[in-house]
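Right, one structure below, let's go through it.
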Amino acid sequence: MTSLAGDFLRETRERQGVSQEELARRVGSHQPQVSAWETGKKPIQVEQLAALLAALGLELRLGAEAPRSG
């Protein structure tokens with residue numbers, strides 16, 4: 001099973017030429033954990049995704065809007 005977040009993480013990491021081992025080191029984790037996130041074997045929490053993306057030079061932004069009245 002894959003996840004959109006995991007796919008995006010893997011594609012971004014590979015595009016930058018960063019190994020799973022290097023990304024894990026940057027965020028204080030281990031390579032098997034990065035693999036599990038990328039393949040969807042373990043869900044990525046928002047805080048974890050933000051840290052992983054920051055380690056790749058990206059920023060996670062989430063937005064929400066109130067419904068329009070009228």
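Taking the Cα atoms of the chain, what is the range of coordinates along each of the three principal axes, in descending order and whole Å?
52, 26, 21 Å, listed from the longest principal axis down.
Using heavy-atom solvent-accessible surface (probe 1.4 Å) with all chains present, what is the largest-first order of Ser19, Ser69?
The residues order as Ser69, Ser19, largest area first.
Taking amide H atoms as placed 1.01 Å from N in the peptide plane, list the residues 5 or more away in sequence, or in a different chain, whose amide H sits under 5 Å from that of Ser3.
Those lying under 5 Å, H to H, from Ser3 are Gly40.
Round to the nearest 0.05 the FRET efficiency obtained for Gln33 and Ala64 when R0 = 30 Å and r is the Cβ-Cβ distance.
The formula returns an efficiency of 0.55 here.
Can you give the longest stretch of the chain with no exposed loop site, where a site means trypsin sites (Lys or Arg not before Pro) in a DSSP loop (not H, G, I, E or B) with at most 12 other C-beta atoms within 10 Å?
Result, exposed sites excluded: 1-60.
Starting from the range 7-70, pick out the GluC sites (Glu not before Pro) whose DSSP state is loop and whose Cβ has at most 16 other Cβ atoms within 10 Å.
When the GluC sites (Glu not before Pro) of the range 7-70 are filtered for loop state and at most 16 Cβ neighbours within 10 Å, Glu59, Glu65 remain.
State, as an integer percentage, the relative contact order of the range 4-70 based on alpha-carbon contacts under 8 Å between residues 6 or more apart.
Reported as a whole number, the value is 32 percent.
Any idea what the dipole of the chain comes to, in debye rounded to 20, about its Cα centre with Lys/Arg Cβ at +1 and Asp/Glu Cβ at -1?
In debye, rounded to 20, the chain gives about 80.
The values are calculated or read from the model by the stated rules, or taken from the named source; none is laboratory data. Just so it is clear, the model here is predicted, and its values are computed rather than measured. Note: ideal-geometry Cβ built from the backbone for every residue, glycine included; neighbour counts use all protein chains shown. In case anyone asks, the SASA skips ligands and DNA or RNA and just uses the protein heavy atoms, side chains included. Shrake-Rupley method; radii C 1.70, N 1.55, O 1.52, S 1.80 Å.
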